[in-house]
Amino acid sequence: MDLSKNYIPAAVEEKWYKHWLSKNYFKSVPNDRTPFTIVIPPPNVTGVLHMGHTLNETVQDILIRKARMSGFNACWVPGSDHASIATEAKVVDMLKREKGIDKKDLSREEFLKYAYEWKEKYGNIIYNQIERLGCSVDWDRVSFTMDDYYYKAVIKVFVDLYNKGLIYRGARMINWDPVAKTALSDEEVEYKDVTGKLYYIKYYLVKSELSVVNEENNSIYNSQLTTHIVIATQRPETIMGDVAVCANPNDERYANLKGKKVIVPLINKEVPVIFDDYVDKDFGTGILKITPAHDINDFNIGLKHNLPVVDTLNEDGTLSKAAQIYVGEDRFVARKKIVEELKQKGLLVKEEEYITRLGYSQRTNAVAEPKISTQWFIKMRELARPALQTVTSGEVKIHPGEKFNATYKYWLENVKDWCISRQLWWGQQIPAWYDEDGNVFVAETNEEAKKLATGNKQLTRDEDVLDTWFSSWLWPIEVFKGITEPNNKDINYYYPTSVLVTGQDIIFFWVARMIMAGMEYMHEKPFSDVYFTGMVRDKQGRKMSKQLGNSPDLLHLIHEYGADAVRFGIMISSPAGNDLLFDENSLEQGKYFNNKLWNAMKLVKMWGEKLEVTSYQLQDTSGFAVNWFENRLNEVRTTVDNLMNQFQLSEALKIIYSLIWDDFCSWYLEWIKPPFEEKISENIYSKTISFFDELVQLLHPFMPFITEEIYHLLKERNDDLIVKQFSKAKEFNSEILQQGNTLKEIITAIRDARHKHNIRQKEIIKLHIETADEKQYEPIKNILARQTNAGSISFSTTPANSFISIVSGKEKILIETNIEIDTAAQKEKLLKDLNYLKGFLNSIDKKLSNDRFVQNARAEVIELERKKKLDAESKIHAIEQSLSSLE
RNA sequence: GGGAGCAUAGCUCAGUUGGUUUAGAGCAUCUGCCUUACAAGCAGAGGGUCCGCGGUUCGAACCCGUGUGCUCCCA
């Protein structure tokens, strides 16, 4: 077979994915093996996968493939999330832009038809991307949070929680999204610091109530008579909703206003002056306007003082009739106009810049409006308790724990009730029916609601849908139908799942709530480990965003580099929990790595074409190489297992990379490489193939396609790598590993000397080695000679020609050559080494001559220091000898 | 304002109960190589006040305190 010069991923990837599918390798059904289960964090059907998903999906595929190859019944459930508010916003936008349709002109059913079309389109794009990335998900288990059974589960849970008294309906201050025109949960609001303005506005006192003020105490106005007070506000457009003004009871400046009334500007409404400790004397003018409908603190003060609520905003953020003026104008337009009018009427005293925090809707990026609204809520306290317990007890382990345990704990200890109703159509419609008198009946179906309602009254269903997270929190249960068909075979087998891999940004939205739902409905944690990935940022550390255009297209990257290289690139520099600075260079590195593997395979196969039947002895050159690599491989396998058990995937990949590139390709293959035009012995060849098998197996979870391809090209096979089971890693002999290291060091030292003295590679040299242990060179001397292009190695003769003297470890090596040698350069290098070693020796001597060290340190430590001392001394001796021979 | 995390080579990061060296890797850089697997390669090298200061200890990149800077969460 002709093999291409370089590795070409495209054809290979498609071929193997199809093959794996046809063999049902991704499929999992309950059996007597131990399950290893992952449920995918369902991507929103709002668009395509971004780099954050790519990282998460890759991590999950690595874990699931590793488990599949380690004897587990591996099950990875794919799916997607209807993402209520985000998707509805996109669909509304698309309808307007592409079809000129306004949502309000559609019926609920018509709108949902369009939404389902959207879901079909983007859901499929996402599934295709997951496939192209090589993810080994069980495609027979695809779940969508609005599938019929899933919908029923959500409804069932709502009714159940309602009946348990954990869900209630009531008027509360919530965050309102004026663009999506829906309530939001507290978690869906993101706060940003912005520079706003503080407007100082005159409120006149009601004329009959003018009073004398103390000039000294009122720092603002020095009139004999107080005719007005000045109030600072960031939101002049809400003054029409004012129901009082409020000062601190200890503020002497305003003490004389007790029992007085002021006039709200522009609408000339009289409101009382009240007093409350809440007011900060030092902020603004020390007196506040109270607008209970539009500020949570004002709302609380209003409750305390029994004040009315005047809501001056419509649901789309325009001013309502209650505002009396600028009715129908957008809140921000109205603000400008009101400021202008206040200015004209001489009621605006001043404006100043002010940095404040504004809440933005996570989905539409609109400024969220605090609003009193009747919504459905979940009481979170009771649900939080067991969810907190499972994490603090270590039943659910969070990685990296040091970073997130505290955050998790804090949120659950301070959790507030969750607003779950949304004024949208795309989602599970709330199963609550109202009769003509406003009585509410919560039931799974209309029929059951009717049974609950006494008499023959007309029932109408609540129009609202549920927060998308109210469905997502059931994900690890309901993908196995644990709610709709409790105790079925799947849920009993797969639950609790093994590990959840997700972004740290949804720890409250999703992770904490899944644990709550799991404890409530399964009485057991939903997963044993949570692996938080960091955020993927660009090279400069900026968030990936469409606006910046720094978010690369996944399919494009796969096309350019191959899926394996994309997986490699994103994994090689992503320690758990740390943000990842995405750089296409690392994908290129992955591509080069593919090519390296490919060429190593070509080389080995080439040898396979001309074998000779001989047997090797371990003392032989190749024998040493085989022996050394076998031990090295087992050492790395042990390390990799440990790292992967601790979710240190990036570290594991780095070690495998170096094992393949450095140890296998650069050292081992060179050591066993037959001389030009010569043959390789059959048993070394078959050993090499089996090493290669183990290498691609080790790498397979990270780079599945090329490893499967190479596995099949190395040899005719009946099995596939994807399901090949790992054997147990064997013990390794550290003495042989040490011998290998010594060999590598000597080779490197000689090559370095050649390089420094401009002895070209083709130039044949002679080596003279002064060693205490000549025997140790027996198995390695042929390798040494070939790797340094030495014609001979002797242990006794002194060189006839000029020579270079170098020291590697304790070994003194003389390089004999016909080329003239620069003695000064040699001396310089030797002196540098000598200097280092003397400093080193000095530091050890200091330690050993310190009585307190000798008394306090552990015996092993002291022993080690003594050994280091002897070591350093003999190295120094060797260097000094070399130096003296240069004189 | 409260809390958490981080600070090690130009960049990204390892450094697992304080002692295996006077701190490692990858990438980048520099030097030399068109060696018949791979120039997407080979060989070699240089590069560090482990953020500053103070403390604990025989011994600190690691533990404690403090300052500075960055990131995130919560209000």
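The values are calculated or read from the model by the stated rules, or taken from the named source; none is laboratory data. Note that the structure is predicted; figures quoted are calculated from it, not measured. Cβ atoms come from the backbone with ideal geometry, glycine included; neighbour counts cover every protein chain shown.
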Discussion item. Against the conditions (1) out of contact with any helix residue (DSSP H, G or I) (no Cβ under 7 Å at 6 or more places or on another chain); (2) within 15 Å of residue A:886 (Cβ to Cβ), where does residue A:818 fall short? Just the number, please.
Written reply: (2)
Worksheet entry | Enumeration of residues in the stretch A:809-830 that are under 20 Å from residue A:763 (Cβ atoms) and either touching a Ser or Thr at 6+ places or on another chain (Cβ under 6 Å) or not hydrophobic (A, V, I, L, M, F, W, C) (or both) | A:814, A:816, A:817, A:818, A:820, A:821, A:822, A:823, A:826, A:829
Worksheet, complete the sentence: Considering residues that are closer than 25 Å to residue A:53 by Cα and either without any contact (Cβ under 8 Å) to a residue 60 or more places away in the chain or surrounded by 21 or more Cβ atoms within 10 Å (Cβ to Cβ) (or both), the number found within the stretch A:93-118 is 5
Worksheet item: Going by the conditions given, is residue A:656 within 20 Å of residue A:715 (Cα to Cα) and either more than 13 Å from RNA strand B (Cβ to nearest atom) or among the hydrophobic types (A, V, I, L, M, F, W, C) (or both)?
Response: no
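Condition check ((1) surrounded by 15 or more Cβ atoms within 10 Å (Cβ to Cβ); (2) not in a helix (DSSP H, G or I)) across all residues:
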site: A:343; (1), (2): no, no
site: A:355; (1), (2): no, yes
site: A:359; (1), (2): yes, yes
site: A:377; (1), (2): yes, yes
site: A:391; (1), (2): yes, no
site: A:394; (1), (2): no, yes
Worksheet entry | Positions within the stretch A:757-766 being in a loop (DSSP other than H, G, I, E, B) and charged (D, E, K, R), in sequence order | A:760, A:762, A:763
Worksheet item: Do any strands (runs of 3 or more DSSP E) lying entirely in the stretch A:166-240 carry at least 3 residues that are at pLDDT below 90 and within 16 Å of RNA strand B (Cβ to nearest atom), and which ones are they?
Response: A:189-205
Worksheet item: Given the structure, is residue A:326 touching a residue at least 12 places away in the same chain (Cβ under 8 Å), surrounded by fewer than 15 Cβ atoms within 10 Å (Cβ to Cβ) and out of contact with any Asp or Glu (no Cβ under 7 Å at 6 or more places or on another chain)?
Response: no
Worksheet item: Do you know which residues across the stretch A:541-557 are in contact with a strand residue (DSSP E or B) (Cβ under 8 Å, 6 or more places away or on another chain) and either in a loop (DSSP other than H, G, I, E, B) or touching a residue at least 12 places away in the same chain (Cβ under 8 Å) (or both)?
Response: A:541, A:544
Worksheet entry | Of residues in the stretch A:860-887 being farther than 18 Å from residue A:825 by Cβ and aliphatic (A, V, I, L, M), the one farthest from RNA strand B (Cβ to nearest atom) | A:878
Worksheet entry | Pair list, Cβ < 7 Å and 6+ apart or interchain, from the stretch A:137-152 residues that are closer than 17 Å to residue A:85 by Cα to residues that are of a type in the set (S, T, N, Q) | A:144/A:80; A:145/A:471; A:145/A:472; A:151/A:428
Worksheet item: Checking residue A:298 against (1) exposed (fewer than 15 other Cβ atoms within 10 Å of the Cβ); (2) more than 19 Å from residue A:348 (Cβ to Cβ); (3) in contact with a helix residue (DSSP H, G or I) (Cβ under 7 Å, 6 or more places away or on another chain), which test does it fail?
Response: (1)
Worksheet item: Any idea which of A:702, A:726, A:629, A:691 is under 35 Å from the mean Cα position of the chain (by Cα), in a helix (DSSP H, G or I) and among the aromatic types (Phe, Trp, Tyr)?
Response: A:691
Worksheet, complete the sentence: residue A:769: passes all of (1) of a type in the set (Val, Ile, Thr); (2) more than 11 Å from RNA strand B (Cβ to nearest atom); (3) part of a helix (DSSP H, G or I) but (3)
Worksheet item: For residue A:164, are the conditions met, namely being free of Cβ contacts under 8 Å to residues at least 24 places away in the same chain and under 30 Å from residue A:299 (Cα atoms)?
Response: yes
Worksheet item: Residues in the stretch A:635-653 that are over 26 Å from the mean Cα position of the chain (by Cα) and within 9 Å of RNA strand B (Cβ to nearest atom): how many?
Response: 0
Worksheet entry | Members of the stretch A:470-507 found to be more than 23 Å from residue A:51 (Cβ to Cβ) and part of a helix (DSSP H, G or I), listed by number | A:470, A:471, A:476, A:477, A:478, A:489, A:490, A:491, A:492, A:493, A:494
Discussion item. Can you tell me which of (1) surrounded by fewer than 24 Cβ atoms within 10 Å (Cβ to Cβ); (2) modelled with pLDDT under 95; (3) more than 16 Å from RNA strand B (Cβ to nearest atom) is the one residue A:31 doesn't meet?
Written reply: (2)
Discussion item. Within the stretch A:513-520, does at least one residue satisfy the condition of being without any contact (Cβ under 8 Å) to a residue 12 or more places away in the chain and closer than 27 Å to residue A:164 by Cβ?
Written reply: no
Worksheet item: Which one of these is under 31 Å from the mean Cα position of the chain (by Cα) and free of Cβ contacts under 8 Å to residues at least 40 places away in the same chain: A:413, A:478, A:436, A:448?
Response: A:413
Discussion item. For the stretch A:241-286: of the residues being in contact with a Leu (Cβ under 6 Å, 6 or more places away or on another chain) and part of a strand (DSSP E or B), which is surrounded by the most Cβ atoms within 10 Å (Cβ to Cβ)?
Written reply: A:262
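Condition check ((1) within 16 Å of RNA strand B (Cβ to nearest atom); (2) at pLDDT 90 or above; (3) of a type in the set (Ser, Thr, Tyr)) across all residues:
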{"position": "A:741", "(1), (2), (3)": "yes, no, no"}
{"position": "A:747", "(1), (2), (3)": "yes, yes, no"}
{"position": "A:752", "(1), (2), (3)": "yes, no, no"}
{"position": "A:774", "(1), (2), (3)": "no, no, no"}
{"position": "A:792", "(1), (2), (3)": "no, no, yes"}
{"position": "A:798", "(1), (2), (3)": "no, no, yes"}
{"position": "A:801", "(1), (2), (3)": "no, no, no"}
Worksheet entry | Among residues of the stretch A:659-691, those that are closer than 18 Å to residue A:598 by Cβ, more than 11 Å from RNA strand B (Cβ to nearest atom) and touching a residue at least 60 places away in the same chain (Cβ under 8 Å), counted | 3
Item to complete: Quick one: count up the residues across the stretch A:558-598 that are in contact (Cβ under 8 Å) with a residue 60 or more places away in the chain, within 7 Å of RNA strand B (Cβ to nearest atom) and surrounded by fewer than 18 Cβ atoms within 10 Å (Cβ to Cβ).
Response: 4
